[in-house]
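Take a look at the structure set out below.
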Amino acid sequence: MRTLLIGLDCAAPEILFGESGLTNFRRLMSRGCYGKLESVIPPITVPAWMCMSTSQDPGSLGVYGFRNRTNYSYDGLGVVNSQSITAPALWDYFGQDGQVVVIGVPPGFPPRKVNGVSIGCFLTPDTVKSDFTHPADLKQTLTNLVGEYPVDVGGFRTDDKGWLRDKIYEMTRKHFQVIRYLMENVAWQYFQFVEIGLDRIHHGFWKYHDPKHRQYVPKSGFETVVRDYYAYLDEEIGSLLELIDDDDTVLVASDHGAQRLDGGFCVNEWLCREGLLTLKERPAKPGPLKPAQVDWSRTQVWSEGGYYARVFLNVEGREPQGIVPQDRYEAVLADIRARLEALLDDRGEPMHTLVFRPKDIYREQKRIPPDLIAHFGGLYWRSIGGVGYDTLYIQENDTGPDDCNHAQFGAFILSGPRVDLRGEIEGMRLLDVAPTLLDLAGRPIPSSMQGRSLLRR
């Protein structure tokens with residue numbers, strides 16, 4: 001039996017299950033089970049795909065986002081790569097006695113040296129100058145097959161929507177051409193890929209798709225782009241299903257869902273107004289918060305921006321110029337958490353911000369976790385880390401045009417000869433994926449895995 005994991009980054013269950021025209025997805029649904037797939041906290045591409053593949057939560061992996069503190073200095077942020085995560089993944093277990101193919105699973109650069117084939121993800125710096133495949137000579141095969149291999153659409157945060165749509169399709173076509181080639185030319189036991197194009201479609205076109213979006217644009221010419229891309233993916237998935245056998249297990253899964261973005265909350269600007277973060281002088285115009293701007297001798301708290309906020313206390317004896325006494329740590333943390341949870345939105349309504357403490361949600365806390373994690377408005381608002389704004393609420397994104405944020409629930413469809421469950425299933429979590437696939441393949445489930453096989457519920 002072989003196992004095929006089709007990863008669709010950001011796939012939204014309400015679209016995947018709600019569109020009757022997605023015939024190949026529905027064919028898989030009719031042969032097995034499907035439902036919402038609860039992501040990790042935070043529901044972010046990195047580390048979510050690796051949480052799925054290892055059945056380890058972010059704290060146990062020691063990866064809390066794309067950028068993580070490497071030390072307790074104020075500027076010690078490092079960008080994650082494939083070597084940041086050492087926990088065994090599905091391809092390691094299946095690769096013990098057969099070949100595997102791993103394509104675009106982030107973080108996937110440098111390419112993983114698996115027993116088989118691997119291709120880097122969208123974090124690959126340059127597919128022309130970099131060795132992004134394993135084995136290395138596979139790069140020339142890809143070039144011969146599709147020309148320059150695109151791991152992402154550079155500059156996808158753009159107002160040129162026609163260009164963006166066309167580049168996403170161009171990228172995705174090349175991806176599936178490579179996927180089909182490897183499915184037919186590698187004697188694989190396990191095959192996993194992640195298509196990033198759906199995530200880029202959502203971030204680029206959600207305001208044309210969702211009438212509830214604050215910046216909804218009717219009759220734009222782009223109102224069907226999101227659904228059209230799902231239909232296109234359905235066709236591509238159909239071509240893959242022609243290459244599998246009746247004994248193969250197929251899982252379609254997403255790392256998180258998608259939802260409208262109501263705006264950005266300027267978290268460090270708010271901390272300044274709360275008297276918790278002090279700048280040496282106010283910047284003349286908005287820009288990223290730089291450590292040199294901060295008067296650390298008068299700062300208790302600062303935050304990193306992004307789809308969610310990572311909040312850090314300036315702790316005495318921990319940070320270089322820490323001022324929060326260690327015996328006051330719990331009290332200060334509780335105060336900040338209460339203030340975050342009490343936030344109002346730009347219309348004076350409760351924002352319903354969700355605030356998490358890593359020690360309460362992770363089995364372990366490896367490396368350096370944030371002191372708090374905040375999902376502003378349940379992720380309907382993103383975290384703006386810059387300072388110099390004259391308001392706490394902005395509609396423009398500090399990293400370029402962006403129409404959506406991530407949702408806590410993605411989607412899964414599971415089909416195969418050993419899948420006895422039928423219809424919609426509740427309670428499936430991202431961490432349950434790896435033990436379920438190992439169980440379906442008749443392989444032992446390592447005790448280190450934190451999820452539970454769907455077969456043993």
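The values are calculated or read from the model by the stated rules, or taken from the named source; none is laboratory data. Being a predicted model, the structure only gives us computed values, none of them experimental. A quick note on method: Cβ atoms are made from the backbone with ideal geometry, for glycine too, and the neighbour counts reach across all protein chains shown. The protein model used for the area step is the full one, side chains on, heavy atoms only, and it has no ligands, DNA or RNA in it. Shrake-Rupley method; radii C 1.70, N 1.55, O 1.52, S 1.80 Å.
Quick one: pull the percent of accessible area on the stretch 37-96 belonging to carbon and sulfur, 1.4 Å probe, ligands and nucleic acids left out.
45 percent
For the stretch 193-293, what class follows from the C-alpha gyration tensor (a ≥ b ≥ c being the square roots of its eigenvalues): rounded when a/c is under 1.5, otherwise prolate if a/b is larger than b/c, else oblate?
Prolate is the answer for the stretch 193-293, as a/c is 1.5 or above and a/b outweighs b/c.
Pull up the DSSP beta bridges for the chain and report the antiparallel fraction as a percent, rounded to 5.
Percent antiparallel among DSSP bridges in the chain is about 55.
Accessible area of Val226, 1.4 Å probe, to the nearest 10 Å²?
0 Å²
Per residue, what accessible area does the stretch 200-287 have, given a 1.4 Å probe and all protein chains present, in Å²?
Here the per-residue accessible area is 41 Å².
For the ranges 408-418, 243-253, 275-285, what's the packing order if you count other beta-carbon atoms within 10 Å of each residue, average per peptide, and put the highest first?
Final packing ranking: 408-418, 243-253, 275-285.
Hey, can you find the accessible area per residue of the stretch 290-411 for me, probe 1.4 Å, expressed in square angstrom?
Per residue, the stretch 290-411 has 43 Å² of solvent-accessible surface.
Quick check on the stretch 160-203: take the gyration tensor over C-alpha atoms, sort the square-rooted eigenvalues as a ≥ b ≥ c, and tell me if it's rounded (a/c under 1.5), prolate or oblate.
Oblate shape, in that a/c is at least 1.5 and b/c is the bigger or equal ratio.
Ignoring ligands, DNA and RNA, please state the percent of accessible area on the stretch 151-269 from carbon and sulfur, probe 1.4 Å. Write out the running numbers ahead of the final one.
Values: 1730 of 4220 Å².
The value for the stretch 151-269 is 41 percent carbon and sulfur by accessible area.
Please name which of Leu430, Gly348, Val419 has its Cα lying farthest along the dipole of the stretch 329-444 towards the positive end, using unit charges on Cβ (Lys, Arg +1; Asp, Glu -1) and the Cα centre as origin.
Farthest towards the positive end: Val419.
Report the residues of the stretch 59-82 in range of a label on Ser130: point 7 Å along Cα→C-beta, backbone N strictly under 14 Å from it.
Taking a point 7 Å out along Cα→Cβ of Ser130, the residues of the stretch 59-82 whose backbone N falls under 14 Å are 79-82.
Calculate the FRET efficiency for Asp228 and Gln140 from the Cβ-Cβ distance with a Förster distance of 41 Å, rounded to the nearest 0.05. Walk me through the intermediate numbers first.
Details: r = 34 Å, r/R0 = 0.82.
Calculated transfer efficiency: 0.75.
Might you tell me the accessible area per residue for the stretch 1-95, computed with a 1.4 Å probe and given in Å²?
Each residue of the stretch 1-95 exposes 30 Å² on average to a 1.4 Å probe.
For helix 197-209, report the angle its Cα long axis makes with the longest principal axis of the Cα atoms of the chain; keep it between 0 and 90° and round to the nearest 10°.
Roughly 60 degrees between the two axes.
Using 0.36 nm per residue of separation minus the Cα-Cα distance, give me the extension gain between Ser30 and Arg328 in nm, one decimal.
101.7 nm
Hey, which aspartates and glutamates would be in cross-link range of Lys36, C-alpha to C-alpha under 13 Å, not counting anything within fewer than 8 residues on its own chain?
Within the straight-line cut-off, Lys36 pairs with Glu14, Asp255, Glu424, Glu426, Asp432.
What whole-number distance in Å separates the alpha-carbon centres of the stretch 249-310 and the stretch 432-457?
37 Å
How high is the FRET efficiency between Ser297 and Arg67 when r is their beta carbon distance and R₀ equals 22 Å, given to the nearest 0.05?
Approximately 0.30, to the nearest 0.05.
Take the alpha carbon atoms of the stretch 60-88, find their center, do the same for the stretch 1-55, and report the distance between the two centers in whole angstrom.
Answer, in whole Å: 26.
Using DSSP to call loops (not H, G, I, E or B), can you name the trypsin sites (Lys or Arg not before Pro) in the stretch 218-263 whose Cβ has at most 11 other Cβ atoms within 10 angstrom?
Lys219
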